[in-house]
1. Quick one: with all protein chains in place, what share of the accessible area of the stretch 3-64 is carbon or sulfur, to the nearest percent (1.4 Å probe)?
2. Cross-link candidates for Lys66: which lysines have Cα within less than 16 Å, leaving aside residues fewer than 8 places away along the same chain?
3. Compute the helix-to-body angle for 96-128: its Cα long axis versus the longest principal axis of the chain, expressed 0 to 90° and rounded to tens.
4. Report, in degrees rounded to the nearest 10, the 0 to 90 angle that the Cα long axis of helix 56-71 makes with the longest principal axis of the chain.
5. Solvent-accessible area per residue for the chain at a 1.4 Å probe radius, Å²?
6. Short version: what are the Cα gyration tensor semi-axes of the chain, square root of 5 times each eigenvalue, largest first, in whole Å?
7. Compute the long axis of helix 22-33 from its Cα atoms, compare it with the longest principal axis of the Cα atoms of the chain, and write down the angle in degrees, 0 to 90, nearest 10.
Amino acid sequence: RRILEGNPNVRHVSEKTIQYTPEFKLKAVKAYREGKTPYEIFLEAGLDPKIIGTDLPAGSLKRWRKTVDALGEDALLTERRGRGSTGRPTSGSQSAEDRLKKAEARIKYLEAELDLVKKLEAAERRMRK
């Protein structure tokens, strides 16, 4: 743990997780796209996969690439979790039309669920007879 905390590419280390610096994440994604393997990228950054886990580099890079593809490079440079996160939009910020659509979808779901319960009860009654 101390070895990892001393690495400039690591922001924080806990018992279960390792937080990497945004700059490292971005460099790692770029290096991967240039043809380097996740194992090589982490090894060159002083992060021995034998210490952090051999599956971790590939999984982390896959997640970071997905984020960059979906939200752009800036998404890795800003923290999107915790207090600073905007999270899901609250129901108060939805328009009346959106709330109505959501309510109609919920009603449709509940009606289908009720139909299923009724069919199961009928089947149960038939089996008892």
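The values are calculated or read from the model by the stated rules, or taken from the named source; none is laboratory data. Remember, it's a predicted structure, so these values are computed and weren't measured experimentally. Surface accessibility is based on the protein's heavy atoms, side chains included, excluding ligands, DNA and RNA. Shrake-Rupley method; radii C 1.70, N 1.55, O 1.52, S 1.80 Å.
1. Values: 1990 of 3830 Å².
Percent of accessible area from carbon and sulfur atoms in the stretch 3-64: 52.
2. Lys25, Lys27, Lys30
3. The angle comes out near 60 degrees.
4. 70 degrees
5. Values: 10360 Å² over 129 residues.
Result: 80 Å² of accessible area for each residue.
6. Details: eigenvalues 432, 102, 43 Å².
Whole-Å semi-axes of the equivalent ellipsoid: 46, 23, 15.
7. So the inclination is approximately 90 degrees.
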